[in-house]
Amino acid sequence: MKKIAIFASGGGSNFKVIYEKIISWDIPAEICLVISNNPSCGAIDFAEQNSLPTFIVNKTRYPDSHSRDIILMQNLLKTDIDLICLAGYMKMIPTNIVAHFENCILNIHPALLPDFGGKGFYGIKVHEAVIKSNAIESGATVHFVDNQYDHGPIIAQRKIKILDTDNAEILAERVLKAEHELYPEVVKAFCENRINWESGLPKIVEERKE
Ligand code: GRF
């Protein structure tokens with residue numbers, strides 16, 4: 001069983017779908033820690049309602065950035081975390097954590113990376129940019145995290161066609177549905193050791209159906 005830490009700053013709908021798959025035994029893992037910079041976000045409420053351990057790390061609680069990074073790392077090590085899932089986490093992951101958890105930190109992004117990613121591409125801004133570009137498709141991307149926003153190796157993508165009826169808000173909802181399918185699939189693959197590296201790129205090995 002893999003030990004997972006979720007990092008979230010907002011409503012946490014991706015966190016919730018992963019949690020549901022874990023408690024229904026579909027993903028062989030346990031959520032051991034939920035980390036946020038925002039003590040009053042939906043993700044923290046949900047974690048508390050479900051008795052999951054939480055840890056809040058922000059400038060108010062730890063004004064010194066070095067101490068902040070160290071305490072975050074200590075919490076992850078103390079809990080013996082195997083996998084970190086970023087689920088709408090609005091802060092950069094400290095470099096000491098990226099280095100220690102190389103290829104063990106996943107992020108989901110609401111567009112088809114490498115397009116529409118990086119600094120400034122978050123929330124509704126991503127979908128506004130996609131609509132404005134007249135792209136014919138969008139979707140969700142799950143990738144490993146490195147030291148740049150939305151940049152590490154791409155593991156899987158789910159594409160959706162952009163419809164004439166889409167605006168940024170409608171597209172955001174449709175992409176979020178795709179995220180809710182894709183993210184648990186990738187987390188499951190990681191937890192079942194089904195992500196292989198081929199020519200330096202991660203690739204999911206399909207589940208064997210008995
Ligand atoms: C999702 O769109 C995700 O792709 C992005 O942040 C959003 C988080 O949504 N990284 P939620 O908090 O999981 O509902």
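The values are calculated or read from the model by the stated rules, or taken from the named source; none is laboratory data. Values in this document were obtained by computation on a predicted structure and should not be read as measured data. Here Cβ is always computed from backbone atoms with ideal geometry, including for glycine, and neighbour counts include all displayed protein chains.
Assorted remarks:
- Leading residue by the ranking (farthest from the chain's Cα centre (by Cα)) among those in segment 87-141 that are of a type outside the set (Gly, Ala, Ser) and on the phi > 0 side of the Ramachandran plot: Asn134
- Within segment 14-53, restricting attention to residues that are surrounded by fewer than 18 Cβ atoms within 10 Å (Cβ to Cβ) and of a type in the set (S, T, N, Q), the residue that is nearest to Leu182 (Cα to Cα) is Ser24.
- Scanning segment 124-151 for residues that are modelled with pLDDT of 95 or more, away from the ligand (no atom under 12 Å from the Cβ) and surrounded by fewer than 20 Cβ atoms within 10 Å (Cβ to Cβ) yields a count of 9.
- Lone qualifier among Asp166, Asp150 - being acidic (Asp, Glu), touching a strand residue (DSSP E or B) at 6+ places or on another chain (Cβ under 9 Å) and within 24 Å of Pro184 (Cα to Cα): Asp150
- Here Ala111 fits the description: in contact (Cβ under 8 Å) with a residue 60 or more places away in the chain, within 16 Å of the ligand (Cβ to nearest atom), small (Gly, Ala, Ser) and surrounded by 14 or more Cβ atoms within 10 Å (Cβ to Cβ).
- Pairing each residue of segment 162-185 that is over 16 Å from Gly123 (Cβ atoms) and free of Cβ contacts under 8 Å to residues at least 40 places away in the same chain with any residue that is outside any loop (DSSP other than H, G, I, E, B) and within 12 Å of the ligand (Cβ to nearest atom), provided the two are 6+ apart or on different chains, yields C-beta distances under 8 Å for Ile162/Ser138; Ile162/Leu171; Asp166/Arg174; Ala178/Gly139; Ala178/Ala140; Ala178/Arg158; Glu181/Arg158.
- Scanning segment 163-210 for residues that are surrounded by 12 or more Cβ atoms within 10 Å (Cβ to Cβ), under 19 Å from Leu113 (Cβ atoms) and more than 16 Å from the ligand (Cβ to nearest atom) yields Ala189, Phe190, Ile195, Pro202, Lys203, Ile204.
- Here is the figure for segment 22-49: residues that are away from the ligand (no atom under 14 Å from the Cβ), over 16 Å from Leu86 (Cβ atoms) and not polar (S, T, N, Q) total 9.
- Among the residues of segment 2-14, at least one is within 16 Å of the ligand (Cβ to nearest atom) and either more than 16 Å from the chain's Cα centre (by Cα) or aromatic (Phe, Trp, Tyr) (or both).
- Listing of helices (runs of 4 or more DSSP H) fully contained in segment 47-152 that carry 2 or more residues being touching a Pro at 6+ places or on another chain (Cβ under 8 Å): 65-78, 124-132
- Of all residues in segment 90-103, those satisfying the criterion of being free of Cβ contacts under 8 Å to residues at least 60 places away in the same chain and either out of contact with any helix residue (DSSP H, G or I) (no Cβ under 8 Å at 6 or more places or on another chain) or not aromatic (Phe, Trp, Tyr) (or both) are Met92, Pro94, Thr95, Asn96, Ile97, Val98, Ala99, His100, Glu102.
- Exactly one residue out of Ala129, Ala99, Ala140 is more than 29 Å from Lys59 (Cβ to Cβ) and of a type in the set (A, V, I, L, M, F, W, C): that is Ala140.
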